[in-house]
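A short worksheet on the structure shown next.
The values are calculated or read from the model by the stated rules, or taken from the named source; none is laboratory data. This structure is a prediction, so every number in the text was calculated from the model and none was measured. Positions of Cβ are generated from backbone atoms using ideal geometry, with glycine treated the same way; all protein chains shown enter the neighbour counts. The accessibility values were calculated without ligands, DNA or RNA, using every heavy atom of the protein model including side chains. Shrake-Rupley method; radii C 1.70, N 1.55, O 1.52, S 1.80 Å.
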Amino acid sequence: MHATAEDQQDGAFPLRRVTFSSRDYPSEDAAGVYQLLFASSALVTPLHAPFHVEVTSFWSEHMRFHFLEGVPFVFHRPAQKIGYDGLDAIVVQHVETGSIVGQFDGREVRADAGSLYIIDFSRPVIIRDTTALPLQKRNFVGLPRAFAKRWLGPLDRLHGFVVPPEIAGAYTDHLLRLRERLPHRNTLDVATLTTTVTLLARAITQASGHGTSRSDPALLFRKACLYIDTALGNPDLSAAEIARAIGASRTRLFSVFQGVGGVERYIRATRLQRVRAALGEPAQAHPIAALADAFGFRSAGQLSRMFRQHYGLTPTQFRADADPGGVRRRAAGHESATCENEDRLAR
């Protein structure tokens with residue numbers, strides 16, 4: 001296994017490249033070395049001999065990309081492994097070729113070529129590749145739990161969740177383009193990171209709404225919240241766009257947001273909350289202009305004015321009011337509704 005890393009650059013996260021090839025080891029040792037070096041989070045049982053796998057991974061702070069081609073195998077993450085290693089991530093797997101059959105909390109799940117399926121690493125799973133193809137391609141992305149929750153919303157129902165090819169297409173096309181581009185980069189820029197998680201969240205949102213009742217206000221509110229979270233960087237984000245994306249009328253959308261003061265107010269408050277959270281991380285002191293751009297404000301000046309109106313301090317003052325550990329010395333402003341209390345608010 002080989003790894004390279006580059007120094008951080010402004011506006012981007014360092015990208016570390018890690019590769020593994022079974023060809024670098026004797027054939028009788030390759031499966032064991034792969035298990036030890038690259039797949040220690042699970043028990044791997046090859047379904048084809050000789051064992052062969054090629055993996056190229058790109059690791060950044062918030063996201064890890066893995067592009068794999070190899071023989072079919074069984075991936076088993078039992079409860080004992082979970083208790084031992086404590087890994088706590090959400091992994092989204094793209095089945096590029098072949099198909100899989102998995103057991104997720106005792107529930108059988110099948111994902112065919114072009115589909116996505118999701119693994120919650122805090123829960124047991126057994127995944128078996130079908131053996132129709134001697135070599136199969138899998139492309140998967142790992143997200144730390146806190147980051148996944150921020151972008152994907154509640155995670156408790158995502159273990160074993162499948163996104164069909166007709167919905168996953170925009171995300172998987174983007175992922176395959178990244179497979180070609182990432183080898184030529186040493187950082188992951190914010191735009192690429194945001195585009196990736198936005199497309200993923202939209203695919204999950206659309207797949208979640210398939211076959212469900214659009215009359216459920218709590219469901220509509222959750223879907224709208226998720227879409228808003230993924231589109232905050234767009235300064236032109238509007239109620240019309242949100243309604244169109246989640247398949248609801250604007251009238252219906254307005255009605256489910258009455259409890260939080262309306263759609264526009266919710267968008268504004270959510271943007272300000274994201275900025276507030278970023279300012280409370282002294283280890284990553286992003287420029288105010290960069291935060292304005294990342295969260296959909298038209299200028300640093302607009303962000304500063306709105307932040308002061310909401311919290312009583314400018315962003316610069318708010319940042320200075322945190323000690324080096326990021327602990328507030330005094331409370332600032334008030335908080336607004338978030339997706340995490342949507343059921344109560346949407347009723």
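Please verify whether PHE51 is assigned to a strand (DSSP E or B) and either of a type in the set (Phe, Trp, Tyr) or farther than 21 Å from ARG123 by Cα (or both), treating the condition exactly as stated.
Working: assigned to a strand (DSSP E or B): no; either of a type in the set (Phe, Trp, Tyr) or farther than 21 Å from ARG123 by Cα (or both): yes.
For PHE51, the condition - assigned to a strand (DSSP E or B) and either of a type in the set (Phe, Trp, Tyr) or farther than 21 Å from ARG123 by Cα (or both) - is not met.
VAL141 is checked against (1) part of a strand (DSSP E or B); (2) touching an Asp or Glu at 6+ places or on another chain (Cβ under 7 Å) and fails just one. What number does that condition carry?
(2)
Would you please name the residue that is nearest to the chain's Cα centre (by Cα), looking only at residues in the range 125-144 that are open to solvent by 60 Å² or more (accessible area, probe 1.4 Å) and not basic (Lys, Arg)?
Residues of the range 125-144 open to solvent by 60 Å² or more (accessible area, probe 1.4 Å): 126, 128, 131-135, 137.
Those still in the list that are not basic (Lys, Arg) too: 126, 131-135.
Working: ILE126: 22, THR131: 29, ALA132: 31, LEU133: 29, PRO134: 30, LEU135: 27 Å.
Among them, the one singled out is ILE126.
Could you tell me how many of the residues in the range 250-276 are out of contact with any Leu (no Cβ under 7 Å at 6 or more places or on another chain) and either open to solvent by 60 Å² or more (accessible area, probe 1.4 Å) or among the β-branched types (Val, Ile, Thr) (or both)?
Residues flagged as out of contact with any Leu (no Cβ under 7 Å at 6 or more places or on another chain) and either open to solvent by 60 Å² or more (accessible area, probe 1.4 Å) or among the β-branched types (Val, Ile, Thr) (or both) within the range 250-276 amount to 8.
Of the residues SER208, SER122, only one is assigned to a loop (DSSP other than H, G, I, E, B) and of a type outside the set (D, E, K, R); which? First the steps, then the outcome.
Numbers: SER208 fails: assigned to a loop (DSSP other than H, G, I, E, B).
Going through SER208, SER122 in turn, just one is assigned to a loop (DSSP other than H, G, I, E, B) and of a type outside the set (D, E, K, R): SER122.
Here are ASP156, ASP105: which of them is of a type in the set (Asp, Glu), under 21 Å from the mean Cα position of the chain (by Cα) and at pLDDT below 95?
Values: ASP105 fails: under 21 Å from the mean Cα position of the chain (by Cα).
On inspection, the qualifying residue turns out to be ASP156.
Scan the range 66-88 residue by residue and report those that are touching a helix residue (DSSP H, G or I) at 6+ places or on another chain (Cβ under 7 Å) and under 11 Å from SER41 (Cα atoms). Give the steps one after another, and end with the answer.
Going through the range 66-88, the residues touching a helix residue (DSSP H, G or I) at 6+ places or on another chain (Cβ under 7 Å) turn out to be 67, 88.
Once the filter is applied, which keeps residues that are touching a helix residue (DSSP H, G or I) at 6+ places or on another chain (Cβ under 7 Å) and under 11 Å from SER41 (Cα atoms), the range 66-88 yields only ASP88.
What number of residues within the range 242-296 are in a helix (DSSP H, G or I), closer than 27 Å to ILE167 by Cα and either of a type in the set (A, V, I, L, M) or at pLDDT below 90 (or both)?
Number of matching residues: 10.
Given the structure, is PRO164 under 15 Å from PHE65 (Cβ atoms), open to solvent by less than 60 Å² (accessible area, probe 1.4 Å) and out of contact with any helix residue (DSSP H, G or I) (no Cβ under 6 Å at 6 or more places or on another chain)?
On the way: under 15 Å from PHE65 (Cβ atoms): no; open to solvent by less than 60 Å² (accessible area, probe 1.4 Å): yes; out of contact with any helix residue (DSSP H, G or I) (no Cβ under 6 Å at 6 or more places or on another chain): yes.
It is false that PRO164 is under 15 Å from PHE65 (Cβ atoms), open to solvent by less than 60 Å² (accessible area, probe 1.4 Å) and out of contact with any helix residue (DSSP H, G or I) (no Cβ under 6 Å at 6 or more places or on another chain).
Could you look through the range 186-201, keep only residues that are surrounded by fewer than 20 Cβ atoms within 10 Å (Cβ to Cβ) and of a type outside the set (Ser, Thr, Tyr), and pick out the one that is farthest from PHE147 (Cα to Cα)?
It comes out as ASN186.
Residues that are within 20 Å of SER208 (Cβ to Cβ) and not β-branched (Val, Ile, Thr): find the strands (runs of 3 or more DSSP E) completely inside the range 71-118 holding 1 or more of those. Break it down into steps so the answer makes sense when it comes.
Working: elements: 73-77, 89-95, 99-104, 107-112.
Where strands (runs of 3 or more DSSP E) fall fully within the range 71-118 and carry at least 1 residues being within 20 Å of SER208 (Cβ to Cβ) and not β-branched (Val, Ile, Thr), they are 89-95, 99-104, 107-112.
Suppose we filter the range 42-66 for residues that are closer than 12 Å to VAL18 by Cβ, open to solvent by less than 20 Å² (accessible area, probe 1.4 Å) and of a type in the set (A, V, I, L, M, F, W, C); how many remain?
3
What are the residues in the range 80-124 that are of a type in the set (Ser, Thr, Tyr) and open to solvent by less than 20 Å² (accessible area, probe 1.4 Å), if any? Talk me through it step by step, then tell me what you get.
Applying the first criterion (of a type in the set (Ser, Thr, Tyr)) to the range 80-124 yields 84, 97, 99, 115, 117, 122.
Across the range 80-124, the qualifying residues are SER99, SER115, TYR117.
Does PRO183 satisfy being open to solvent by less than 60 Å² (accessible area, probe 1.4 Å), under 16 Å from SER60 (Cβ atoms) and not acidic (Asp, Glu)? Give the steps one after another, and end with the answer.
On the way: open to solvent by less than 60 Å² (accessible area, probe 1.4 Å): yes; under 16 Å from SER60 (Cβ atoms): yes; not acidic (Asp, Glu): yes.
For PRO183, the condition - open to solvent by less than 60 Å² (accessible area, probe 1.4 Å), under 16 Å from SER60 (Cβ atoms) and not acidic (Asp, Glu) - is met.
Being part of a helix (DSSP H, G or I) and among the charged types (D, E, K, R) is the filter; apply it to the range 225-241 and report the residue that is nearest to the chain's Cα centre (by Cα). Please lay out each step first, then the result.
Residues of the range 225-241 part of a helix (DSSP H, G or I): 225-230, 239-241.
If we keep only those that are among the charged types (D, E, K, R) as well, we get 229, 241.
Values: ASP229: 12, GLU241: 22 Å.
If we take residues in the range 225-241 being part of a helix (DSSP H, G or I) and among the charged types (D, E, K, R), then ASP229 is nearest to the chain's Cα centre (by Cα).
Just checking, does the range 152-160 include any residue being in a helix (DSSP H, G or I) and either within 30 Å of TYR84 (Cβ to Cβ) or open to solvent by 40 Å² or more (accessible area, probe 1.4 Å) (or both)? Reasoning before the result, please.
We begin by selecting, within the range 152-160, every residue in a helix (DSSP H, G or I); these are 152.
Filter again for either within 30 Å of TYR84 (Cβ to Cβ) or open to solvent by 40 Å² or more (accessible area, probe 1.4 Å) (or both), leaving 152.
Yes; the residues of the range 152-160 include at least one that is in a helix (DSSP H, G or I) and either within 30 Å of TYR84 (Cβ to Cβ) or open to solvent by 40 Å² or more (accessible area, probe 1.4 Å) (or both).
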